[in-house]
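Have a look at the structure below, then the notes.
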Amino acid sequence: MTEGQIKAIEAVDTIIRYIESIDGDLREGLSRTPERVIESFKEIYSGYEDDAQEILSATFNSEGYDGIVLLRDVEFHSVCEHHLQPFSGKAHIAYIPVDKIVGISKLARLLDMHSKRLQNQERLTESIVDDLQRIIQPLGCAAIVEAQHGCMRCRGVSKQNAVMVTSSMRGAFFDKPQARSELMQLINQ
Ligand code: ZN
């Protein structure tokens, strides 16, 4: 058996033990659940396979455009690393180019890369601007993330509608109130 096959069997075995600890035994309705869970993990945690440098590598000449580029209302799903509960919502990602722009779908792919990992919302927000800053070196970049957390909706304080908002601003969005307020206007349009 290959190392990968052994790991896959161990992963299924772990889920079997997890289910047994909750429900006693692996009755009929649960019998194929471990395999399905592991299969779903491939997608839910696929962000570990991706690389920001690769995602943002293809750039185009900005042809003098030096305004805000904003991708608004991009939905995402992630898993909170504290409770292994889903959290999901939308992100707004913006930057002000210097000479180079990226394909707009790349911003969504960057969000997917970070959200398809075990996360906390603060790190998710910060990681997006870290990568933009490091790789495309814009005049400014920003991420604002709004999300509802399963760990808060179905346990603990049980608040169904609370939305957590996090933001991270760099460069002009951090230093210049005018750039920041223009961004907020575009997001709230
Ligand atoms: Zn949580």
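Of note:
- Count of region 79-91 residues which are outside any loop (DSSP other than H, G, I, E, B) and open to solvent by 20 Å² or more (accessible area, probe 1.4 Å): 4
- Total residues in region 133-170, condition open to solvent by 30 Å² or more (accessible area, probe 1.4 Å), part of a helix (DSSP H, G or I), closer than 12 Å to Phe87 by Cα and not basic (Lys, Arg): 1
- Candidates in region 92-132 are the residues that are of a type in the set (Val, Ile, Thr) and touching a Leu at 6+ places or on another chain (Cβ under 9 Å); of these, the one that is most open to solvent (accessible area, probe 1.4 Å) is Ile104.
- Scanning region 15-54 for residues that are touching a residue at least 12 places away in the same chain (Cβ under 8 Å), farther than 30 Å from Gly103 by Cα and touching a Pro at 6+ places or on another chain (Cβ under 9 Å) yields Ile15, Ile16, Ile19.
- Hey, Glu122 out of contact with any helix residue (DSSP H, G or I) (no Cβ under 8 Å at 6 or more places or on another chain), among the acidic types (Asp, Glu) and part of a helix (DSSP H, G or I) or not: yes
- Residue in region 142-149 that is within 14 Å of the ligand (Cβ to nearest atom), in contact with a Gly (Cβ under 9 Å, 6 or more places away or on another chain) and without any contact (Cβ under 8 Å) to a residue 60 or more places away in the chain present: no
- Checklist (1) in a helix (DSSP H, G or I); (2) surrounded by 11 or more Cβ atoms within 10 Å (Cβ to Cβ); (3) touching a residue at least 60 places away in the same chain (Cβ under 8 Å); (4) not small (Gly, Ala, Ser) applied to Leu70, failing item: (1)
- Every test in (1) open to solvent by 60 Å² or more (accessible area, probe 1.4 Å); (2) in contact with a strand residue (DSSP E or B) (Cβ under 8 Å, 6 or more places away or on another chain) is passed by Thr59 save one, and that test is (1).
- Which listed residue, of Glu54, Glu20, Glu43, is under 20 Å from Ile135 (Cβ atoms), assigned to a helix (DSSP H, G or I) and of a type outside the set (Val, Ile, Thr): Glu54
- Residue selection: His114 satisfies the criterion of being in the same structural domain as Val163 (by TED's automatic domain parsing) and more than 16 Å from the ligand (Cβ to nearest atom).
- Any chance Arg36 is in a strand (DSSP E or B), more than 16 Å from the ligand (Cβ to nearest atom) and either open to solvent by 60 Å² or more (accessible area, probe 1.4 Å) or outside the structural domain of Val165 (by TED's automatic domain parsing) (or both): no
The values are calculated or read from the model by the stated rules, or taken from the named source; none is laboratory data. Source: prediction; values computed, not measured. In this analysis, Cβ positions are derived from the backbone assuming ideal geometry, glycine residues included, and neighbour counts consider all displayed protein chains. What goes into the accessible areas is simple: the full protein's heavy atoms, side chains included, and nothing from ligands, DNA or RNA. Shrake-Rupley method; radii C 1.70, N 1.55, O 1.52, S 1.80 Å.
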